[in-house]
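J.: Right, I'll just put the structure down here and ask away after.
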Amino acid sequence: MALDFRSLLADHIPDGGRGARPRRGKYDFAVAYPDPVSLPHDKIMECLSEALSETGDDLAVYPHPQGNTPLREYVAEKIKRERDINATADDIILGNGSGQPIDMISAILVNPGDVVITDEWVYGGTLNTLRRHSADIRGVSSDEEGMDPEALDFEIAKAVQEGKRPKYVYLIATFQNPQGFTITKRRREQLLEVTHRHGVPILEDDCYADNRYGGEQVTSMYNLDDQNSVMYVGSFSKIIAPGMSLGYMTGPDDVLDRAMTVKSGRISEFTAMAVEKFARRYLDAHVEEINSIQRVKRDAMLASLGENFGTGAEWSDPDGGLYIWMKLNDDADMVSLSAKALEEIDVGFHPGTNYSPDGASGRSYIRLCYGYNQPEEIEEGIGKLGDFLAKEGALQS
Ligand SMILES: Cc1ncc(COP(=O)(O)O)c(C=O)c1O
């Protein structure tokens, strides 16, 4: 008789299964992809080829457990220069994206039922990670300056009263996904005052810090913290490509030491060698180039939204990042309409429920990414989407 593995599953393993990769629309506004046309294939090939001839023999041995040392040295220099973070290569752990460090941090801090605080609308990948760790996720509202410190204070105090001091507050302080705001310096300080007072750490996810097309850069929360209470993650996904699968973390010594105990898998030395050389030689110029490309795409999407949606919806106007957050009419069910739009007009987007801690709120919201398609396609796709949503009665009157 065949063994039934379902009876053997560990607690807290979510339902799920294999399946095809979700279908992508011709107008793919669903995922925060970088621009495909400016991917620097030739330069990466050049760097990979040089790296292999210089240090290729190192591939014969298992890499450093924290990941390729020269790349960790580069990351330490980059975050010092751009985010005012003092770290050495020893203080950096590479991950196969920034998702892996977020998972490692959650694994060492979160017991089932522990409270973790996020924004009211927040990146679904982190929500899924927290769900896997059976966290009790509580959302806090924000305004254009970022998370509301009084609401945060209230939410932490409430959890403490229940005997569940939050394990951390998750903040995407620069170009919040999906809402697009950057937390102002004043607000960062206010939020830190609240978390310090309650003895709760912050996980700062800074993976969009380089994707800025306007406005002023704000220093990292890590830099503003003087109580060793901020953990920091970053990524190469949005400035080179998700396919490179490279991210990183730094933080207090205890966090880094314990994170290594739950780290699984290895970071590809092969990829890291190429990325380190590419980053030192070309990354600054590449970021400048992709930002000027993305600025044009953002403007194309904003202009077509103005033309096609008029007063039928409200949407964000971000200075960077890769997405626009939109509110349709209160009764619109964007969960079913996202499936229907993909089917009928080949336009992909995510419904707001993907970004809500309870997984159910946000049916009348959507996130639209402008990173992947070219400006003409964006205009075409937004035109189709406007007509479709008007026909479906999803626009505000
Ligand atoms: C806010 C945020 N954090 C982390 C990630 C994960 O990125 P990575 O590819 O580095 O794992 C994403 C990807 O979209 C993101 O939007």
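J.: When you scan region 53-70, do you find a residue that is within 16 Å of the ligand (Cβ to nearest atom) and either of a type in the set (A, V, I, L, M) or part of a helix (DSSP H, G or I) (or both), even just one?
T.: no
J.: Then there's this: Tell me which of these I92 doesn't satisfy, since it passes every other one: (1) surrounded by 18 or more Cβ atoms within 10 Å (Cβ to Cβ); (2) over 26 Å from R212 (Cβ atoms); (3) away from the ligand (no atom under 11 Å from the Cβ).
T.: (2) is the only condition that I92 fails.
J.: From the list G265, G251, which residue is surrounded by fewer than 16 Cβ atoms within 10 Å (Cβ to Cβ) and either within 16 Å of the ligand (Cβ to nearest atom) or under 16 Å from the mean Cα position of the chain (by Cα) (or both)? Give the steps one after another, and end with the answer.
T.: Details: G251 fails: surrounded by fewer than 16 Cβ atoms within 10 Å (Cβ to Cβ).
Checking each option against the conditions leaves just G265.
J.: Restricting attention to region 346-378, report how many residues are in contact (Cβ under 8 Å) with a residue 60 or more places away in the chain and surrounded by 18 or more Cβ atoms within 10 Å (Cβ to Cβ).
T.: Of the residues in region 346-378, 19 are in contact (Cβ under 8 Å) with a residue 60 or more places away in the chain and surrounded by 18 or more Cβ atoms within 10 Å (Cβ to Cβ).
J.: Which residues, counting only those in region 19-29, are modelled with pLDDT of 95 or more and among the hydrophobic types (A, V, I, L, M, F, W, C)?
T.: F29
J.: Against the conditions (1) over 18 Å from the mean Cα position of the chain (by Cα); (2) closer than 30 Å to N68 by Cα, where does D136 fall short? Just the number, please.
T.: So the condition that D136 fails would be (2).
J.: State yes or no: is I172 modelled with pLDDT of 95 or more, more than 28 Å from R298 (Cα to Cα) and open to solvent by less than 40 Å² (accessible area, probe 1.4 Å)? Before the answer, list the steps.
T.: Details: modelled with pLDDT of 95 or more: yes; more than 28 Å from R298 (Cα to Cα): no; open to solvent by less than 40 Å² (accessible area, probe 1.4 Å): yes.
Here the answer is no, as I172 does not meet what is asked.
J.: Looking at region 1-30, which of the residues that are out of contact with any strand residue (DSSP E or B) (no Cβ under 6 Å at 6 or more places or on another chain) and of a type in the set (A, V, I, L, M) is farthest from E276 (Cα to Cα)?
T.: My answer is M1.
J.: If I go through region 188-214 residue by residue, how many of them are over 20 Å from the mean Cα position of the chain (by Cα) and assigned to a loop (DSSP other than H, G, I, E, B)?
T.: So the count comes out to 2.
J.: Answer with yes or no whether R188 is more than 16 Å from the ligand (Cβ to nearest atom), within 24 Å of V287 (Cβ to Cβ), in contact (Cβ under 8 Å) with a residue 12 or more places away in the chain and surrounded by 20 or more Cβ atoms within 10 Å (Cβ to Cβ). Before the answer, list the steps.
T.: Details: more than 16 Å from the ligand (Cβ to nearest atom): yes; within 24 Å of V287 (Cβ to Cβ): yes; in contact (Cβ under 8 Å) with a residue 12 or more places away in the chain: yes; surrounded by 20 or more Cβ atoms within 10 Å (Cβ to Cβ): yes.
Criteria met by R188.
J.: Just need a number here: residues in region 218-248 that are surrounded by 22 or more Cβ atoms within 10 Å (Cβ to Cβ), outside any loop (DSSP other than H, G, I, E, B) and within 15 Å of the ligand (Cβ to nearest atom).
T.: Of the residues in region 218-248, 8 are surrounded by 22 or more Cβ atoms within 10 Å (Cβ to Cβ), outside any loop (DSSP other than H, G, I, E, B) and within 15 Å of the ligand (Cβ to nearest atom).
J.: From the list G199, G163, G215, G180, exactly one residue is of a type in the set (G, A, S), within 23 Å of K238 (Cβ to Cβ) and open to solvent by 20 Å² or more (accessible area, probe 1.4 Å). Which is it? Can you show your working first?
T.: Values: G199 fails: within 23 Å of K238 (Cβ to Cβ); G163 fails: within 23 Å of K238 (Cβ to Cβ); G180 fails: open to solvent by 20 Å² or more (accessible area, probe 1.4 Å).
The match here is G215.
The values are calculated or read from the model by the stated rules, or taken from the named source; none is laboratory data. Bear in mind that the values here come from a model prediction, so they are computed numbers and not experimental data. All Cβ positions, even for glycine, are placed from backbone atoms using ideal geometry, and neighbour counts span all protein chains on display. Quick note on the areas: whole protein, heavy atoms, side chains included, nothing else; ligands and nucleic acids left out. Shrake-Rupley method; radii C 1.70, N 1.55, O 1.52, S 1.80 Å.
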